[in-house]
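Structure record follows, encoded as structure tokens.
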Amino acid sequence: MSQVQITASLQDLAAVEHLVVVARSADLAKGWATEGLSDPVRSWTTRLAEDARPGRTGGSATSLLPDGAGPGRLSVIALDDTVTHHVSDTRCEEIWYQLRGIASSAKGQLGVLVALADADHAFGATLGVARSFPLYNRKSKPSKLTGVTLGLRHSGGLVQDVEALKAAADAIQLTQRVVDMPPAELDTETFEQEARDAVASLAHVRVQSIVGDALLDEGLGGLHAVGRTAMKAPRLVLLDYQPPGATDTIALVGKGLVYDTGGLSLKIVGDRMLTMKCDMGGAGAVLGAFVTLAQTGYPQRVIAALGMAENAIGPNSYRPDDVLAMHSGKTVEINNTDAEGRLALADAASYVARNYAPSLLVEAATLTGAQLMATGKGHAGIVATNPELEQAALNAGLASGDHCLAMLWSPAHLRAEFKSKVADMRNSVADRMNASSAAAGFFVFSHIEDTGVPFLHIDLAGPSFRDNRATGYGVGLITTVLRQRV
Ligand code: BES
Ligand code: MN
Ligand code: MN
């Protein structure tokens, strides 16, 4: 598959082998989407638009074009004209849903022309396009697609300011690539290297890591226990972007479980272990967001903490009944080794909250299967410790196309779920029928509670990995949350 080039000139789309025109149904009918292209492209777009009946996930139709039309093949993606207040007007998800099908069989140079109903939709639309071309591929035959060129137009012409869009498109594909990599290729060591490589050329960035038993010296007993029996050592990788003139610090924390077998509480029922290579989707999203922010000159300091571990089985596994000493100073009795992400996150969050005093801590994780029941496959479940932050995240979801919905924030309702007779708390809930995804977010919070740092938890178990493919979910949401505060 291919990286996505973004062009500010319609000319670059006139000569592609396969052109995809994307617009709302009503805009396709009006004809402005293809203004400036050849007459055959224009008339065939109108014809195909009638076949491409949009539904919740859009609709598409494809045809060969006669010789001399320019592109040899034309596809039209018709987007729904209206959406609800839980769906992004950028149509990020509809674009991805339709375009990924076209992309998987595309040959040669592919052009994508998106007609935006509003110039503000450029970012979300770009993310929808970029995630349709995931880079990871182990098929023995190379892909027939040689390149992708994207043009975005609105009433004022083609979007000219493409640099920030290109940075986000590349970052989304980076996130997808690491999430798609199986654990034999992406272990904690190679994941750290991927993170180092991704930031190597960026200005004002420093990288540090705390590896293996050194975690214990820093008090990170949760992250250490989760990963200590794996062949590759657990680690906390810290990316620090500090531009001159920064007056504020924001922390990002990502769950980087390169694989989750469940540990001794083994994922043994059915196929529950399958797809658990995606369990570093939160760290992947944080990495992609960090790279985007640093590359586009975000004015404030950003610390990204990636908690990397493999939840494996071995003689040195942590066990149900063990009690762990966490970075926060709290002790945790383990009642389920499959609730491992929150241990890694609680330590990583406590570490950055205490060492960097951020004004906001955003944490992203494939934390609970229950998130899919709570908010669905396409919408992340968020927990925010104040209403302004919650609203900012919901707005950022709609603006970026990384959809999310709010989950319960009420320590009073959730604290009892973690009661232990021998330690300060347990790691897994007493009752799974009591907002268990929100409870998992609360667990992480309870390790930074005393710091007073505002906290946004993003459970992206569903949206980060769909139909056995990484989506790059989170890059758009996290960068937008940060940019909206500056
Ligand atoms: N990584 C899983 C959550 C997950 C499930 C992510 C499905 C993506 C798809 C997490 O570590 C886990 O195992 N959670 C448990 C929590 C339970 C033990 C309280 C779960 O969801 O069952
Ligand atoms: Mn687990
Ligand atoms: Mn997990």
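The values are calculated or read from the model by the stated rules, or taken from the named source; none is laboratory data. As the structure is a prediction and not an experimental result, all values here were calculated from the model. So basically every Cβ, Gly included, is an ideal-geometry build from the backbone, and we count neighbours across all protein chains shown.
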request  = Among the candidates ALA78, ALA33, ALA29, ALA61, single out the residue that is in a helix (DSSP H, G or I), within 22 Å of SER132 (Cα to Cα) and assigned by TED's automatic domain parsing to the domain that holds SER140.
outcome  = ALA33
request  = Kindly state which helices (runs of 4 or more DSSP H) lie completely within the stretch 405-486 and contain at least 3 residues that are hydrophobic (A, V, I, L, M, F, W, C) and under 19 Å from ILE382 (Cβ atoms).
outcome  = 436-445, 475-483
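Quick check: anything in the stretch 123-136 out of contact with any helix residue (DSSP H, G or I) (no Cβ under 7 Å at 6 or more places or on another chain) and not aliphatic (A, V, I, L, M)?
Narrowing the stretch 123-136 to residues out of contact with any helix residue (DSSP H, G or I) (no Cβ under 7 Å at 6 or more places or on another chain): none.
Checking the stretch 123-136: not a single residue is out of contact with any helix residue (DSSP H, G or I) (no Cβ under 7 Å at 6 or more places or on another chain) and not aliphatic (A, V, I, L, M).
Can you list the helices (runs of 4 or more DSSP H) found entirely within the stretch 168-284 that contain at least 2 residues being out of contact with any Cys (no Cβ under 8 Å at 6 or more places or on another chain) and crowded, with 24+ Cβ neighbours inside 10 Å? Walk me through it before giving the result.
Details: elements: 188-199, 214-217, 221-227.
By residue number, 188-199, 221-227.
Kindly indicate whether ASN336 is more than 21 Å from the chain's Cα centre (by Cα), away from ligand 3 (no atom under 15 Å from the Cβ) and either surrounded by fewer than 24 Cβ atoms within 10 Å (Cβ to Cβ) or more than 26 Å from ASP467 (Cα to Cα) (or both).
Values: more than 21 Å from the chain's Cα centre (by Cα): yes; away from ligand 3 (no atom under 15 Å from the Cβ): no; either surrounded by fewer than 24 Cβ atoms within 10 Å (Cβ to Cβ) or more than 26 Å from ASP467 (Cα to Cα) (or both): yes.
No: the conditions fail for ASN336.
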query = For LYS255, which of the numbered conditions (1) under 20 Å from ASN355 (Cβ atoms); (2) touching a Lys or Arg at 6+ places or on another chain (Cβ under 6 Å); (3) of a type outside the set (S, T, N, Q) fails to hold?
reply = (2)
Residue pairs meeting the criteria (Cβ under 9 Å; at least 6 apart or on separate chains; first under 13 Å from HIS224 (Cα atoms), in the stretch 313-325; second aromatic (Phe, Trp, Tyr) and surrounded by 14 or more Cβ atoms within 10 Å (Cβ to Cβ)) = LEU324/TYR318
inquiry  = I need every pair where a residue in the stretch 445-460 that is farther than 23 Å from ALA370 by Cα has its Cβ under 8 Å from the Cβ of a residue that is assigned to a loop (DSSP other than H, G, I, E, B) and of a type in the set (Ser, Thr, Tyr), sequence separation at least 6 or different chains.
reply    = ILE448/SER328; ASP450/SER328; VAL453/SER359; PRO454/SER359; PRO454/THR385
query = Among the residues of the stretch 318-327, is any within 28 Å of ASP197 (Cβ to Cβ), of a type outside the set (Val, Ile, Thr), modelled with pLDDT of 95 or more and within 13 Å of ligand 2 (Cβ to nearest atom)?
reply = no
